[in-house]
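Notes to accompany the following structure.
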Amino acid sequence: MKRLIGGLAMLLVLTFAAPGASAKDLPGKFGLGYVSTLGGVGGLDIQYYVTRFIGLEAVLGLDYISASNVSPLCFKMAIGGRFNFARAKDANLGVALRANIGVANKDQMGLSGGTDSSVHFNLEIPLIAEYFLSNHFSIFTQVGLLIDFVPKNGAVLTKGAADTTEVHFGLPALQGLLGATFWF
C-alpha cells in the first residue's frame, strides 16, 4: 500500500512539475476500457473527449445469474464528465463528476437479505491521474469524494446501511483504484 501511495504521489509531483509539454491529442477521441467507480459501478467504460480538457464518460455493468427458481439481476450505470486541469506529455490529471445508479430485482435483493427490489443512487467527485503507455492505451487511478444515498430496501452499489446518506472521502476499496482505456 505504501508503494502504491508513493507511486501516486510521484506521478502527481511529475505531472505538476512538467513544463508546458504537449499532451496526448484527445479531442474527438473515443475510448473503451474497464473501470470500477468510487460509487460501486464496475464494467465497460466508454469515453469521448469533446475538447482537449473536457471528456464525457459512461460506465455500464450487469450482474445476472440464471437458475431454475430465481433469476437475480442487477444493472449498474454511471454517467458523468471529466475535466483535465493539468496535462503533461504522457499524463493527465483531472477531476470528474459522476452519477451512479444501480437497480436490483427482488431475487438479487433476496440474496442480500432484502425482500423487495431496490434502486440505489450516489454521486462522486474523483481526482483522476491518467498515464498514457502509448498513443492508444492509458491506465489511470482515482481517489475522491463519494456521497451515497442508500435506499430503505438496501444497498445495491455499496455496502452502506439501509436508509442512510453516507459521505466518504478517500479510497473505498482496491477495485476503485485502477482503470484502463484503449483509445481510437
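Just so you know, all these numbers are worked out from the coordinates, no wet-lab data involved. Fair warning: this is a prediction, and the values are worked out from it, not measured in the lab. In this analysis, Cβ positions are derived from the backbone assuming ideal geometry, glycine residues included, and neighbour counts consider all displayed protein chains.
How many angstrom lie between the C-alpha centres of the range 137-154 and the range 29-55? Distance between centres, Cα-based: 14 Å. Share of pairwise Cα-Cα distances greater than 18 Å in the range 38-107 is 50 percent (whole percent). Each Cα pair of the range 106-159 feeds into the Kirkwood radius, which the Stokes-Einstein equation turns, at 10 °C and 1.306 mPa s, into a diffusion coefficient of 116 µm²/s.
On the principal axes of its alpha-carbon atoms, the range 63-184 has extents of 54, 32, 22 Å, going from largest to smallest. When the trypsin sites (Lys or Arg not before Pro) in the range 40-90 are filtered for DSSP coil states and for at most 13 other beta-carbon atoms within 10 Å of their beta-carbon, the remaining sites are Lys89.
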